Amino acid sequence: FLQERLPAYMVPDAFVLLDAMPQLPNGKLNRRALWEAQGELQQRGAYEAPATPTERTLAAIWAQVVEVPGEHIGRQSDFFDIGGHSLSAMRVLARIKDMFRVELDLSELFDESRLEALAAVVDRQLSRRPASEQPPSTTRRVSKPRASSGLLEGKVALITGASRGIGLSTALLLAEHGAKVAINYRDSEKQARSVKEQIEAEGGVAEIFRADVTSPADVARLVAAVNQCFEHIDVLVANAHINFRHRPFIEYDWADLEHKVNDELRAIFHPAQAVAPEMLRRKNGSIVFISSSLSKRSSEGFLAQTTAKAAVDAFVRALASELGPGGVRVNTVAPGLTLTDAAQPMPPGSKASIASKSPLRRNGVPEDIAGAVLFLASDLSRFMTGSYVPVDGGLTML
């Protein structure tokens, strides 16, 4: 019946009884629950990271439209397997048109719904154009900038929690701008090695270092190992994520709040104290802490996050005042809702509601935060210290 009345790309491959499908609390179909397993989206075969500039740009587009962490989207990911549907497909095509100046039919996305295949379709259309009509540079990652052209050329950056999310995007961007990157991880060695491989594939320099940044002994070994490998550290990005319990205040345990605040401060105190002496000796250095816009405004259930991040902001102001005379700058980047692993459990309706309140009408992606970190790490911000930079699409206006 359907084959006689619909185009081939709209005919289902399989049918499942509605009662057997997972549902959201509001009774609607939970598409994403069909494909999520152990924190990773389904891949057709072994996971392969996007390999070309076009694939990486398309992965970023899919991440924004479908609201999944970009690092979970691989070459073999299927748009409809990760939660895409007809309406979101139209949004993807609109963004492809904006970024590549390429117009695709909806049928092409249905027929070539794997990332690798869709990227090939885009590249074929681009190859038919003369050089003068090629699209301007976009968020597509290109090869490492030419010698002496990067904002961090010759610098060494230590990034804590750099194996995924904001840390991953920051590592890639800083490397793209010439920095040698020390990738810190605690448990995710496989992901950390993947970041290192991506940087090296683009001509950059990176190494991985395991450490629990809440442990002073681990941090001492970490900084010593980075100095042995790269001789010094010019930039510290304190990004390690500390989990917290999301629950109303009247149900909160003091031990949970204490754990979050203590570990949040440990994760910035120990790395900063370990790198500061050498930075002061060289009279140069930039320390960037990742806070949260929730430190300025909060909502029910975020007591621990708001309290801990407000402590981070106060710590930054004190440290900036103390280290500034010695040539070391200390600043804060405060993300709003960013589509990473941490945000994945949030209901889609909650994400959409937050996006609708933002003047820029979307949620953040890790690349948005990485851009602010690059600015504060580089000499473009050489007369800035003690700054609080919200990156939340305008939700927080100081």
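The values are calculated or read from the model by the stated rules, or taken from the named source; none is laboratory data. Predicted model, so just to flag it, every value in this text is computed and none were measured. A quick note on method: Cβ atoms are made from the backbone with ideal geometry, for glycine too, and the neighbour counts reach across all protein chains shown.
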Practice item. Would you mind stating whether Ile354 is farther than 12 Å from Ile287 by Cα and surrounded by 21 or more Cβ atoms within 10 Å (Cβ to Cβ)? Key: no
Check your understanding: Only one of (1) farther than 18 Å from Leu376 by Cα; (2) at pLDDT 95 or above fails for Leu158. Which number is that?
Key -> (1)
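With the structure loaded, tell me whether Gly326 is buried (at least 19 other Cβ atoms within 10 Å of the Cβ), of a type outside the set (A, V, I, L, M), under 20 Å from Ser387 (Cβ atoms) and touching a strand residue (DSSP E or B) at 6+ places or on another chain (Cβ under 9 Å) or whether it fails that test.
Answer is no for this residue.
Return yes or no: is Ser381 among the small types (Gly, Ala, Ser), free of Cβ contacts under 8 Å to residues at least 12 places away in the same chain and farther than 17 Å from Gln305 by Cα?
no
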Point to revise | Tally, over segment 261-305, of residues that are crowded, with 22+ Cβ neighbours inside 10 Å and either among the β-branched types (Val, Ile, Thr) or within 28 Å of Ala225 (Cβ to Cβ) (or both) | key: 15
Review point. Can you tell me how many residues in segment 232-273 are touching a residue at least 40 places away in the same chain (Cβ under 8 Å), farther than 21 Å from Leu374 by Cα and either in a loop (DSSP other than H, G, I, E, B) or basic (Lys, Arg) (or both)?
Key: 9
Revision key, fill the gap. Exactly one of Ala370, Ala343 is within 16 Å of the chain's Cα centre (by Cα) and closer than 18 Å to Ser299 by Cα, and that residue is Ala343
Study note, to complete from the structure: Taking segment 296-327 and keeping residues closer than 20 Å to Gly167 by Cα and in contact (Cβ under 8 Å) with a residue 60 or more places away in the chain leaves Gln305, Ala308, Asp313, Val316
Exercise for review: Residue by residue through segment 274-328, note down the ones that are part of a helix (DSSP H, G or I), closer than 26 Å to Ile354 by Cα and either in contact with a Pro (Cβ under 6 Å, 6 or more places away or on another chain) or among the aromatic types (Phe, Trp, Tyr) (or both).
Suggested key: Ser293
Review point. Does Ala334 satisfy the criteria of being closer than 18 Å to Ser292 by Cα, part of a strand (DSSP E or B) and at pLDDT below 95?
Key: yes
Review point. What are the residues in segment 203-217 that are surrounded by fewer than 16 Cβ atoms within 10 Å (Cβ to Cβ) and either under 23 Å from the mean Cα position of the chain (by Cα) or part of a helix (DSSP H, G or I) (or both), if any?
Key: Gly203, Pro216, Ala217
Review point. Could you say whether any residue in segment 345-366 is closer than 20 Å to Pro248 by Cβ, touching an Asp or Glu at 6+ places or on another chain (Cβ under 8 Å), in a helix (DSSP H, G or I) and hydroxyl-bearing (Ser, Thr, Tyr)?
Key: no
Check your understanding: Which is over 16 Å from Asn243 (Cβ atoms) and either among the charged types (D, E, K, R) or modelled with pLDDT under 95 (or both), of Ala304, Ala310, Ala320, Ala342?
Key -> Ala310
Study note, to complete from the structure: The lone condition Gln191 fails out of (1) assigned to a strand (DSSP E or B); (2) surrounded by fewer than 20 Cβ atoms within 10 Å (Cβ to Cβ) is (1)
**Study point:** From Ala334, Ala342, Ala308, residue being out of contact with any Phe, Trp or Tyr (no Cβ under 9 Å at 6 or more places or on another chain) and surrounded by 12 or more Cβ atoms within 10 Å (Cβ to Cβ)
**Key:** Ala342
